[in-house]
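A.B. asks: Before I ask anything, here is the structure I am working with.
The values are calculated or read from the model by the stated rules, or taken from the named source; none is laboratory data. Worth saying up front: this structure is predicted, and the values here are computed from it rather than measured. Using ideal geometry, Cβ is built from the backbone for each residue, glycine included, and neighbour counts are taken over all protein chains shown. Protein only, heavy atoms only, side chains kept; ligands, DNA and RNA dropped before computing areas. Shrake-Rupley method; radii C 1.70, N 1.55, O 1.52, S 1.80 Å.
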Amino acid sequence: MYAHLPGQIAGLRVAISVGAYYCLVVMAGVLITTGLFPRQRHLVDAVAVSRLGFALFVVAAPDMGQPLANSALVSATIVVGSAVLLFRTGPSLFAYCSRGGMPTAIQRCAEMTRSALVWIDGPGRESGLKVEARKPLP
């Protein structure tokens, strides 16, 4: 978004400096939100995944994605809307995957991600996830 700006800030190109600053601000916001509202961590994760998906869309299809990214209202609507959709359909998707509706490799990835999220929550923290022992996949 800022790649067209000439100049440097602290010895780095403007786009890299602005991106690093943006990353630090978002990271601080996520840490504060997760610390104050640990049960909302899954929604924050969904926003991060939807941001990444939107950024990949903009890079993959710049003729369609760049005009959407340049509009703050449209890009925020896409990111937040897809995050809410992902947050709402996530449990159903995981249940569908657990019943064998997905190839084994993707199911293993989903189980590893779930295990990592449970590990991040740590002992004694309520995350809303109910973890059950499952037989390992062959």
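A.B. asks: Which pairs have Cβ atoms under 8 Å, sit 6 or more apart or on different chains, and link a residue in the range 63-77 that is part of a helix (DSSP H, G or I) to one that is open to solvent by 80 Å² or more (accessible area, probe 1.4 Å)?
C.D. replies: GLY65/VAL59; ALA69/MET1; ASN70/MET1
A.B. asks: Collect the residues in the range 27-56 that are modelled with pLDDT of 85 or more and over 16 Å from the mean Cα position of the chain (by Cα), keeping them in residue-number order.
C.D. replies: If the condition is that a residue be modelled with pLDDT of 85 or more and over 16 Å from the mean Cα position of the chain (by Cα), then ILE32, LEU36 are the ones that fit.
A.B. asks: Can you confirm whether ASP45 is part of a helix (DSSP H, G or I), of a type in the set (Asp, Glu) and open to solvent by 90 Å² or more (accessible area, probe 1.4 Å)? Reasoning before the result, please.
C.D. replies: On the way: part of a helix (DSSP H, G or I): yes; of a type in the set (Asp, Glu): yes; open to solvent by 90 Å² or more (accessible area, probe 1.4 Å): no.
Against the criterion (part of a helix (DSSP H, G or I), of a type in the set (Asp, Glu) and open to solvent by 90 Å² or more (accessible area, probe 1.4 Å)), ASP45 does not qualify.
A.B. asks: LEU52: open to solvent by 80 Å² or more (accessible area, probe 1.4 Å), over 14 Å from ALA83 (Cβ atoms) and assigned to a helix (DSSP H, G or I), yes or no?
C.D. replies: Working: open to solvent by 80 Å² or more (accessible area, probe 1.4 Å): yes; over 14 Å from ALA83 (Cβ atoms): no; assigned to a helix (DSSP H, G or I): yes.
Judged against the criteria, LEU52 is not a match.
A.B. asks: Of VAL59, VAL80, which residue is among the aliphatic types (A, V, I, L, M) and touching a residue at least 24 places away in the same chain (Cβ under 8 Å)? I'd like the intermediate steps shown before the answer.
C.D. replies: On the way: VAL59 fails: touching a residue at least 24 places away in the same chain (Cβ under 8 Å).
The conditions single out VAL80.
A.B. asks: Among what's in the range 1-26 and is open to solvent by 100 Å² or more (accessible area, probe 1.4 Å) and modelled with pLDDT of 80 or more, pick the residue that is nearest to ALA55 (Cα to Cα).
C.D. replies: My answer is TYR22.
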